[in-house]
1. Could you calculate the FRET efficiency of Gln47 with Thr130 from 1/(1 + (r/R0)^6), where r is the beta carbon distance between them and R0 is 35 Å, rounded to 0.05?
2. Of the labelled options [x] 58; [y] 77; [z] 66, which one gives percent of Cα pairs over 17 Å apart as computed for this structure?
3. Per 5 Å bin, what percent of the C-alpha pairs of the range 15-65 does each bin hold, from zero upward?
4. With +1 on each Lys and Arg Cβ and -1 on each Asp and Glu Cβ, and nothing else charged, work out how big the dipole of the chain is about its Cα centre, in Debye to the nearest 20.
5. Just to check I understand the Karplus step: with θ = phi - 60° and J = 6.51 cos²θ - 1.76 cosθ + 1.60, what whole-Hz values come out for the range 43-49, glycine and proline as x?
6. By how many degrees, 0 to 90 and rounded to 10, does the Cα axis of helix 2-27 deviate from the longest principal axis of the chain?
7. Given 0.36 nm per residue, what is the gain on full extension from Phe103 to Ala57 after removing their alpha carbon distance, in nm?
8. Going by amide H atoms built from the backbone, whose H comes under 5 Å of the H on Ser72, apart from near neighbours?
Amino acid sequence: MVGAINTALSGVLAAGRSVENGAQNIANARTVGRPGAAPGSEGAVFQPQAVRNQPLAGGGVGSGRVAVDPASFPEFQPDSTLADAKGFVDAPNVDMARESVDFRQAANAYRANLAVLKVADSLEREAINTVA
């Protein structure tokens, strides 16, 4: 039972990480930066990330963040204080449709892993009651 519980918990954590990452991307989707500004410097555009899940050798799933490539694209906003001489700013490369799909997948994964936890808990209780 411990293996099933650990596997399901790793899935719950991975789903949570996906939701957290998507929320961060969406919250910063309309922020802009100065063209050519180094990442992390003042005036730099937000650097969106994606979550990638990988199966673990012992069971379960591990997840990590990877940078979206390209991180930004030029957008015409001549009234922005961050615009260059031609009126362009850097806008983060956040695909709202992809973020929506990722949220739905994370919600489904979360529910599925919670169902596994409930079943594993029920089986463990049944086994304890049988032995006791």
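1. For R0 = 35 Å, the calculated efficiency reads 0.05.
2. Computed from the coordinates, percent of Cα pairs over 17 Å apart corresponds to [z].
3. Once binned at 5 Å, the Cα pair distances of the range 15-65 give 4, 19, 19, 18, 14, 11, 7, 5, 2, 0.
4. Computed charge dipole of the chain: roughly 280 debye.
5. So the J values, rounded to whole Hz, are x, 6, 6, 4, 9, x, 10.
6. 20 degrees
7. 14.0 nm
8. Residues meeting the criterion, in which the H sits 1.01 Å from N, are Asn93.
Taken together, the values in this text are just the output of simple stated rules run on the coordinates, not laboratory data. A quick note: this is a predicted structure, and the numbers were derived from the prediction, not measured. Every residue, glycine among them, receives a Cβ derived from its backbone with ideal geometry; neighbour counts consider all protein chains shown.
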